[in-house]
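After the structure tokens below, expect a handful of questions from me.
The values are calculated or read from the model by the stated rules, or taken from the named source; none is laboratory data. Remember, it's a predicted structure, so these values are computed and weren't measured experimentally. Here the Cβ positions follow ideal geometry from the backbone for every residue, glycine too, while neighbour counts run over all protein chains shown. Keep in mind that these areas ignore ligands, DNA and RNA; they rest on the heavy atoms of the full protein, side chains included. Shrake-Rupley method; radii C 1.70, N 1.55, O 1.52, S 1.80 Å.
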Amino acid sequence: MSWLGPEEWQAVALSFRVAICAALLSLPFGLAAAWALARGRFPGRGLFSALVHLPLVLPPVVTGYLLLLAFGPEAPAGRLLDALGLPLAFRWTGAVLAAAVMGFPLMVRAIRLSLEAVDRRLEEAAGTLGASRARTFATVTLPLIAPGLLAGLVLAFAKALGEFGATITFVANIPGETRTIASAIHAFLQAPGGETAAIRLTLVSIALSLAALLLSEWLAARMARRVGA
Amino acid sequence: MSWLGPEEWQAVALSFRVAICAALLSLPFGLAAAWALARGRFPGRGLFSALVHLPLVLPPVVTGYLLLLAFGPEAPAGRLLDALGLPLAFRWTGAVLAAAVMGFPLMVRAIRLSLEAVDRRLEEAAGTLGASRARTFATVTLPLIAPGLLAGLVLAFAKALGEFGATITFVANIPGETRTIASAIHAFLQAPGGETAAIRLTLVSIALSLAALLLSEWLAARMARRVGA
Amino acid sequence: MTLSVALRHRLSPAFALEVAFDAPPGVTALFGRSGAGKSSILRAVAGLIRPDEGRITVDGAPVFDSAAGIDLPPHRRRFGLVFQEPRLFPHLSVARNLRYGRRALGLPAAPAREAEIVEMLGIGALLSRRPSGLSGGEAARVAIGRALLTEPRLLMLDEPFASLDAARREEILPYLERLRDHAGLPILFVSHALPEVARLAARIVVLGDGHVLRAGPAAEMLADPEAAELLGPREAGAVLTGTVGATAEDGLTEVHLPGGTLHLPGVTAGEGARIPVRIAASDVILALEPPRGLSALNMLRCRVASLHRGKGPGVMVGLTCGPDALLARVTARSAEAMGLAEGLEVTAIVKSVAIGPADLGGG
Amino acid sequence: MTLSVALRHRLSPAFALEVAFDAPPGVTALFGRSGAGKSSILRAVAGLIRPDEGRITVDGAPVFDSAAGIDLPPHRRRFGLVFQEPRLFPHLSVARNLRYGRRALGLPAAPAREAEIVEMLGIGALLSRRPSGLSGGEAARVAIGRALLTEPRLLMLDEPFASLDAARREEILPYLERLRDHAGLPILFVSHALPEVARLAARIVVLGDGHVLRAGPAAEMLADPEAAELLGPREAGAVLTGTVGATAEDGLTEVHLPGGTLHLPGVTAGEGARIPVRIAASDVILALEPPRGLSALNMLRCRVASLHRGKGPGVMVGLTCGPDALLARVTARSAEAMGLAEGLEVTAIVKSVAIGPADLGGG
Amino acid sequence: ERLTIFAAASLAGPLDAAAELWSEESGHQTALSYAGSSVLARQIMAGAPADVFLSANEEWMDAVEADGRLVPASRVDLWGNALVLVSRASSPLPLAELPQALSDDRLAMALTEAVPAGIYGREALTALGLWEAVAPHVAETDNVRAALDLVALGAAPFGIVYATDAAAEPRVTVAATFPEESHAPIIYPGAALTVGPAEDFLAFLQTAPAQALFAEAGFTGPPGPAP
Ligand SMILES: Nc1ncnc2c1ncn2[C@@H]1O[C@H](COP(=O)(O)OP(=O)(O)OP(=O)(O)O)[C@@H](O)[C@H]1O
Ligand SMILES: Nc1ncnc2c1ncn2[C@@H]1O[C@H](COP(=O)(O)OP(=O)(O)OP(=O)(O)O)[C@@H](O)[C@H]1O
Ligand code: MOO
Ligand SMILES: [Mg+2]
Ligand SMILES: [Mg+2]
């Protein structure tokens, strides 16, 4: 792919990094949220579910603005994180946050569906064999929901590759820092004569996601074979 | 909500219609695609999976652009549909298509996860009881994947509410025809001082999705209670 | 209607099925140790496994024929199968589970038949419940009822009574006997309980490691001292056919055998009917001359036909009592003390109560 | 170590548990018809159901006490439970299923113990397989092994042998007997097979519709003509305790009872050991005087203690043979013909081979 | 030291070239963040670390200025643009005939109440007395490029875009140019948000070599001195 310019390569590398980080970063939170929704019985469960789905319902730009309002350089949360050495605004870390937030509802739903399909009787069995709740979770529940985790990761990764509305709104479109493939494509499409560059990047994006998908399908097939299902 | 103007009401009503139609319309296709991915063993399965995920990976504007290429008034597919009395260009029907396409990967994955969790031994049992494959599907598989179908509908509905990038690119933003809540919010945000209107519509959007979510959670809880899980 | 099975199928590198047997109308028992391949055979017959090679025919018409490329899907075979696990549909009530097959087949509702089966299985109180809360035995019973209601042309039962109490078994067995006797359909019956097998089965197929070790009529197999080794010596016994005679006031019915008359409790067949009576080898006591003052009512004059020393301290004695063959298992010490030898006349003593309903055919 | 259970729990509007019983070290059998509440009791003891009310204690220390608000989670109770269904972990190999509990508990690996259990259960060839392809009986055996390897302080077995062949049962029962005799832990054993119950259990709790119908020492329960009705008349019998004597060359071992000496095959306990011997009521023949020329070697002089007429044509005869109680089931006709009456001296004839290993304790 | 420039997306092509030129001259690195003016303005008002803001319209620059984010007196009008009617047909069309020519078809425009190109277009059509007639036919898009795409792909026969957009799209031709007086002047204002190099860069954009790059892309010069 020598037909990509250095700036474009930069965007590809950044997108990849952002997508991987976003997918992995949101995994534990997605798991926690999915658990709460699948197993929890607490007041406000419906509202919590709505909150999780919000990034799906809102136009991405709105989500981006909300992130900007919450984590911008002049917002208290943003300042706090900055002081803690994790600046977000207009950094690639912010792009990760934006992508993670946008992919969150997808990840939560995938994990939740898997969780709801877990045979609780196996967890009971683990308990009678001496496994604490944490251990049961780690050794029984987690492996059994692996398909959901994998699906969640794939969805979050793919979404992160395609996401630009919230990203560009929250962290702008700064080459090498926050200009992901999607932002670049968008910028190219807005400028006169940017189509060819946009098409090139689109193809790269498709290739990246295809690779991720094939990897995930292969992993899923291996898991299924191991379970013998 | 008398604080919404008539144009805004129109956008709300239209969004609702588009989201409902998009979710329901994509259900059979999503089911077929999920089936092929979960159960099918055909060459090109990986590519097919990538194709299904494409709307997630591509920036929405690109998807909209591709839709325009495929279903625009000058494209063969667009002409055909037009001749069949289903014009898409600049119509709310086109907005439905755009929303359905954008939500498709989410719906497929939800259904697929449920399908993969189905206990195949129950399908075997149905066969030995005299149920044909079609009947087994309708009376065993389908009810068992109901959680996935419901999740798919919810995700597609929510996504349709939030989608504007592909929609506005494919069918523009015509009040009463294609101006959905998301498009309207986006438009408001482009002009200085549009925030209050945008916030109003955002709240409506949240309310709509909250209602849909609560409905789906209630349905899911009922189903779970009936199965006794 | 007769089922013929001949197939070869490799399930794993370590296990392959290679079996051939016929199942005429009536019960054919598949007997064998855990892992012998019983369930796999039922799956193949039902169409849930596609064998590598072979032919499965019903009255000569193939439902599967690898050479001819025939492989009917399960629902077109119309074979009922009660799986080893209940496999109830979790989203349907018990009642709708029961009716599932009839609806799938487009059969008209059969309220009378349904009521009869529900009554027999004792699941009337469960009809509106979902399967998830059922006890193990309750679920097993619903699964039996679900298969019975489809009126299959072949019935396969995979350890249907494993989780049922003895009393419940006694309620279901007569139903299966009636089905066997009146519906003329082949029934493949997997069970580890030889009394049940002996009571129901006309034929026994003994399986081991995917192969047929021995197959034949139940009466022969059970009375054959060699086959007894395979079935387990404690379970060996003979199945005799007797003619039902008068029933006395005290509930004992005369059953006439060529070698004598037995007085048995719990016979429900009518006078003149011919019923099989199973007498376990370990329930027979031999005496050189008819003893007196004994609580056992049943004595048959027999002649010793064969003596087989097994591995343990027991001797399996083959007897001919008129035209019937009987088995008795005695200790080697007794055999010696009594001077048992081929041709010797002995009296076989059987306690009436040792022959329970489970050993009595008909009903 | 003794388990005490007293609880009340409503499972559904139609079914409530209300039970209280003690389980001292040794085997306590839970016996009852399908749906009686056996599995639910095990679930409550294991901590998988939280009873509405009650107390479950081990040597007085509560693992559950509704009044005190105590409810230990299952893993802190250290009670092993073999469920009615195998419940194997589908994502782990058989070997890792077996080791799951020890690892969870932080116990060191026990290769010798593991090898012994694997050998006993005959699952050596399955170790590297996933559970999904296992046969019904294979899965059941792995589940048994998995629970045994955790070295629980209480063991609960819910119909562990339902899908196993007789030969396999014979291989597992001695292991359970050793466990019972040497580990000093209470074992709750659910089974529909009375021979197994009689062989293993020191106590029997008969359940019906969520309530304890009767409970007591196995020997008493089995020999009590009234309790016999609950257990099923064909299954009733006495459990006597005898002292092992010499074993002859032909493999028969003398077992001395106060009322006489039995000659039994397959006794593995050493000379001088005291072992329980189960004699089913239907295996006993009564004679007014000791007969001769009979293949049965075992005769005990007894006195008729009671006569119970049941619903059928049978009479349950309670006998005292020295200090032991024995049960015999004869037909009413025989009882009359023999003039059986309380106080009458009779000879009880028991075929040696009618007492098989399943009815023999120790080992 | 890197200069961060927040610029309206429509400036992309010539601005990239100009920034490169300036980097070579001054030795400063530049980072160009392109997005819609509205997005950029909001980011700046939220504290974005930008040094230069190049807006596609005056209102958003006004908003940023009112927020006190500009280096005083650094604001300058940099370029102008013309508004044109494009179509796929190669024949010119008198603007007055637009309603008839449209018949039942659509006229593609950027959002007429939000996006500058759309606002100018509506203003011009109103001034020409055509708005009432064409309003029901307007298909509004998110940005002006999308409106151009609709025409390029044949979804709409006509569209109103900037002259710069029309010049870069070979599939469309300019059917008519809106008279300058029919709408407010199309102005691209720029301002420095930090002192130093940002001001130098703004100055550079006004030099001849820079202006030549923009002229090549179809931009006109600044419409007279800043007010
Ligand atoms: N969750 C539940 N909801 C309603 N009824 C229940 C539930 N769980 C158990 N029951 C009922 O409680 C009764 C006792 O069930 P349990 O499983 O304890 O029976 P069991 O004695 O083990 O029977 P089996 O021998 O058939 O296994 C059954 O009638 C069952 O239907
Ligand atoms: N999918 C499979 N992969 C590998 N081995 C298999 C598979 N299915 C069955 N087997 C093996 O084939 C053998 C026969 O299994 P099958 O279920 O037919 O036994 P069975 O006679 O029904 O035993 P049981 O009495 O325990 O139910 C077993 O050893 C089993 O492990
Ligand atoms: O860059 Mo703009 O403000 O969308 O024309
Ligand atoms: Mg089996
Ligand atoms: Mg149970």
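Is it fair to say C:Glu85 is out of contact with any strand residue (DSSP E or B) (no Cβ under 6 Å at 6 or more places or on another chain), open to solvent by 30 Å² or more (accessible area, probe 1.4 Å) and within 16 Å of ligand 2 (Cβ to nearest atom)?
Yes.
Can you tell me which residues in region D:282-323 are within 8 Å of chain C (Cβ to nearest Cβ) and outside any loop (DSSP other than H, G, I, E, B)?
Across region D:282-323, the qualifying residues are D:Ser282, D:Asp283, D:Ile285, D:Leu286, D:Ala287, D:Leu294, D:Gly314.
Residue under question is C:Ala202, and the condition is that it be within 16 Å of ligand 5 (Cβ to nearest atom) and either at pLDDT 90 or above or outside any loop (DSSP other than H, G, I, E, B) (or both); does it hold?
It is false that C:Ala202 is within 16 Å of ligand 5 (Cβ to nearest atom) and either at pLDDT 90 or above or outside any loop (DSSP other than H, G, I, E, B) (or both).
A further question on this structure: All but one of (1) at the interface with chain E (Cβ under 10 Å from one of its Cβ atoms); (2) modelled with pLDDT of 90 or more hold for B:Gly152; which doesn't?
That leaves (1) as the condition not met.
Then there's this: Would you be able to say whether some residue in region C:105-117 is open to solvent by less than 20 Å² (accessible area, probe 1.4 Å), more than 30 Å from B:Ala220 (Cα to Cα) and within 27 Å of the chain's Cα centre (by Cα)?
Checked region C:105-117: at least one residue is open to solvent by less than 20 Å² (accessible area, probe 1.4 Å), more than 30 Å from B:Ala220 (Cα to Cα) and within 27 Å of the chain's Cα centre (by Cα).
Can you confirm whether C:Ile117 is among the β-branched types (Val, Ile, Thr), away from chain D (no Cβ under 14 Å) and either outside any loop (DSSP other than H, G, I, E, B) or without any contact (Cβ under 8 Å) to a residue 12 or more places away in the chain (or both)?
For C:Ile117, the condition - among the β-branched types (Val, Ile, Thr), away from chain D (no Cβ under 14 Å) and either outside any loop (DSSP other than H, G, I, E, B) or without any contact (Cβ under 8 Å) to a residue 12 or more places away in the chain (or both) - is met.
Also, I was wondering about something else. Determine which member of the set A:Ala70, A:Ala36, A:Ala50, A:Ala13 is over 23 Å from A:Leu149 (Cβ atoms), free of Cβ contacts under 8 Å to residues at least 60 places away in the same chain and surrounded by 15 or more Cβ atoms within 10 Å (Cβ to Cβ).
Just one listed residue meets the conditions, A:Ala50.
Among the residues of region C:132-141, write down those that are within 11 Å of chain D (Cβ to nearest Cβ) and either under 20 Å from the mean Cα position of the chain (by Cα) or not in a loop (DSSP other than H, G, I, E, B) (or both).
If the condition is that a residue be within 11 Å of chain D (Cβ to nearest Cβ) and either under 20 Å from the mean Cα position of the chain (by Cα) or not in a loop (DSSP other than H, G, I, E, B) (or both), then C:Gly133, C:Gly136, C:Gly137, C:Glu138, C:Ala139, C:Ala140, C:Arg141 are the ones that fit.
Mind listing just one residue for me: the one in region E:33-69 that is under 15 Å from the mean Cα position of the chain (by Cα) and part of a loop (DSSP other than H, G, I, E, B) and, of those, nearest to the other protein chains (Cβ to nearest Cβ)?
The residue in question is E:Gly36.
Follow-up question, since we're still on this one. For region A:172-207, which positions are more than 7 Å from every other protein chain (Cβ to nearest Cβ), of a type outside the set (Asp, Glu) and out of contact with any helix residue (DSSP H, G or I) (no Cβ under 6 Å at 6 or more places or on another chain)?
Matches in region A:172-207: A:Thr196, A:Ile199, A:Arg200, A:Leu203, A:Ala207.
From the list D:Val267, D:Val277, pick out the single residue that is out of contact with any Cys (no Cβ under 8 Å at 6 or more places or on another chain), outside any strand (DSSP E or B) and crowded, with 21+ Cβ neighbours inside 10 Å.
Only one candidate passes the filter, namely D:Val267.
How many residues does region C:324-339 contain that are more than 8 Å from every other protein chain (Cβ to nearest Cβ) and either over 23 Å from C:Glu220 (Cα atoms) or touching a helix residue (DSSP H, G or I) at 6+ places or on another chain (Cβ under 8 Å) (or both)? Break it down into steps so the answer makes sense when it comes.
Start the filter on region C:324-339 by keeping residues that are more than 8 Å from every other protein chain (Cβ to nearest Cβ), which leaves C:324-327, C:336-337, C:339.
Now drop any that are not either over 23 Å from C:Glu220 (Cα atoms) or touching a helix residue (DSSP H, G or I) at 6+ places or on another chain (Cβ under 8 Å) (or both), which leaves C:325-327, C:336-337, C:339.
Total satisfying the criteria: 6.
Could you pull out the residue among A:Arg120, A:Arg112 that is within 9 Å of chain B (Cβ to nearest Cβ) and open to solvent by less than 30 Å² (accessible area, probe 1.4 Å)?
A:Arg112
Is one or more of the residues making up region E:167-178 closer than 18 Å to E:Tyr120 by Cα and at pLDDT below 90?
Residues of region E:167-178 closer than 18 Å to E:Tyr120 by Cα: E:174-178.
Now restrict to residues that are at pLDDT below 90: none.
Looking through region E:167-178, none of the residues is closer than 18 Å to E:Tyr120 by Cα and at pLDDT below 90.
Quick grid of which residues meet (1) touching a helix residue (DSSP H, G or I) at 6+ places or on another chain (Cβ under 8 Å); (2) free of Cβ contacts under 8 Å to residues at least 60 places away in the same chain; (3) closer than 23 Å to D:Glu159 by Cα:
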| position | (1), (2), (3) |
| --- | --- |
| D:Gly37 | no, no, yes |
| D:Arg78 | yes, no, yes |
| D:Gln84 | yes, no, yes |
| D:Gly106 | no, yes, no |
| D:Arg129 | yes, yes, no |
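Follow-up. Pull up region D:36-55, narrow it to residues that are more than 24 Å from C:Ala125 (Cα to Cα) and away from chain A (no Cβ under 14 Å), then point me to the one that is surrounded by the fewest Cβ atoms within 10 Å (Cβ to Cβ).
It comes out as D:Glu53.
Residue-by-condition table, conditions (1) under 23 Å from E:Gln211 (Cβ atoms); (2) open to solvent by less than 20 Å² (accessible area, probe 1.4 Å):
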position	(1), (2)
E:Glu58	yes, no
E:Leu70	yes, no
E:Leu78	yes, yes
E:Ser87	no, yes
E:Leu107	no, yes
E:Glu123	no, no
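Go through (1) crowded, with 17+ Cβ neighbours inside 10 Å; (2) in a helix (DSSP H, G or I); (3) within 13 Å of another protein chain (Cβ to nearest Cβ) and name the single condition B:Ala89 misses.
(2)
Of everything in region C:206-221, what is within 16 Å of ligand 4 (Cβ to nearest atom) and either open to solvent by less than 10 Å² (accessible area, probe 1.4 Å) or without any contact (Cβ under 8 Å) to a residue 12 or more places away in the chain (or both)? Give them in sequence order.
C:Val206, C:Leu207, C:Gly210
Filter region A:33-54 for residues that are within 8 Å of another protein chain (Cβ to nearest Cβ) and under 23 Å from B:Ile199 (Cβ atoms) and give the result.
Hits for region A:33-54 are A:Gly46, A:Leu47, A:Ser49, A:Ala50, A:His53, A:Leu54.
Take region C:1-30 and flag every residue that is open to solvent by less than 20 Å² (accessible area, probe 1.4 Å) and within 13 Å of ligand 4 (Cβ to nearest atom).
Hits for region C:1-30 are C:Leu17, C:Leu30.
Out of the residues in region C:160-184 that are farther than 22 Å from C:Leu88 by Cα and of a type in the set (Lys, Arg), state the one that is least open to solvent (accessible area, probe 1.4 Å).
Here the residue is C:Arg180.
Please determine whether any residue of region D:130-151 is over 27 Å from C:Pro86 (Cα atoms), assigned by the TED database to the domain that holds D:Phe79, away from ligand 3 (no atom under 16 Å from the Cβ) and open to solvent by less than 20 Å² (accessible area, probe 1.4 Å). It would help to see each step written out before you state the result.
Here is the first cut: in region D:130-151, the residues over 27 Å from C:Pro86 (Cα atoms) are D:149-151.
Going one step further and asking which of them are assigned by the TED database to the domain that holds D:Phe79, we end up with D:149-151.
Right, trim to away from ligand 3 (no atom under 16 Å from the Cβ) and you get D:149-151.
Now restrict to residues that are open to solvent by less than 20 Å² (accessible area, probe 1.4 Å): D:149-150.
There is at least one residue in region D:130-151 that is over 27 Å from C:Pro86 (Cα atoms), assigned by the TED database to the domain that holds D:Phe79, away from ligand 3 (no atom under 16 Å from the Cβ) and open to solvent by less than 20 Å² (accessible area, probe 1.4 Å).
Are any of the residues in region D:51-70 more than 16 Å from ligand 5 (Cβ to nearest atom) and touching a residue at least 60 places away in the same chain (Cβ under 8 Å)?
Taking every residue of region D:51-70 in turn, at least one turns out to be more than 16 Å from ligand 5 (Cβ to nearest atom) and touching a residue at least 60 places away in the same chain (Cβ under 8 Å).
Which pairs turn up if I take residues in region C:192-205 that are under 15 Å from C:Ala36 (Cα atoms) and look for partners that are assigned to a helix (DSSP H, G or I) with beta carbon separation below 6 Å, at least 6 apart in sequence or on another chain?
Correct list of pairs: C:Ile204/C:Ala218; C:Ile204/C:Met221.
When the residues of region E:125-152 are filtered to those that are more than 12 Å from chain B (Cβ to nearest Cβ) and more than 17 Å from E:Leu83 (Cα to Cα), which remaining residue is least open to solvent (accessible area, probe 1.4 Å)?
Initially, region E:125-152 is screened for residues more than 12 Å from chain B (Cβ to nearest Cβ), giving E:125-134.
So of that shortlist, the ones also more than 17 Å from E:Leu83 (Cα to Cα) come out as E:132-133.
Details: E:Glu132: 161, E:Ala133: 50 Å².
If we take residues in region E:125-152 being more than 12 Å from chain B (Cβ to nearest Cβ) and more than 17 Å from E:Leu83 (Cα to Cα), then E:Ala133 is least open to solvent (accessible area, probe 1.4 Å).
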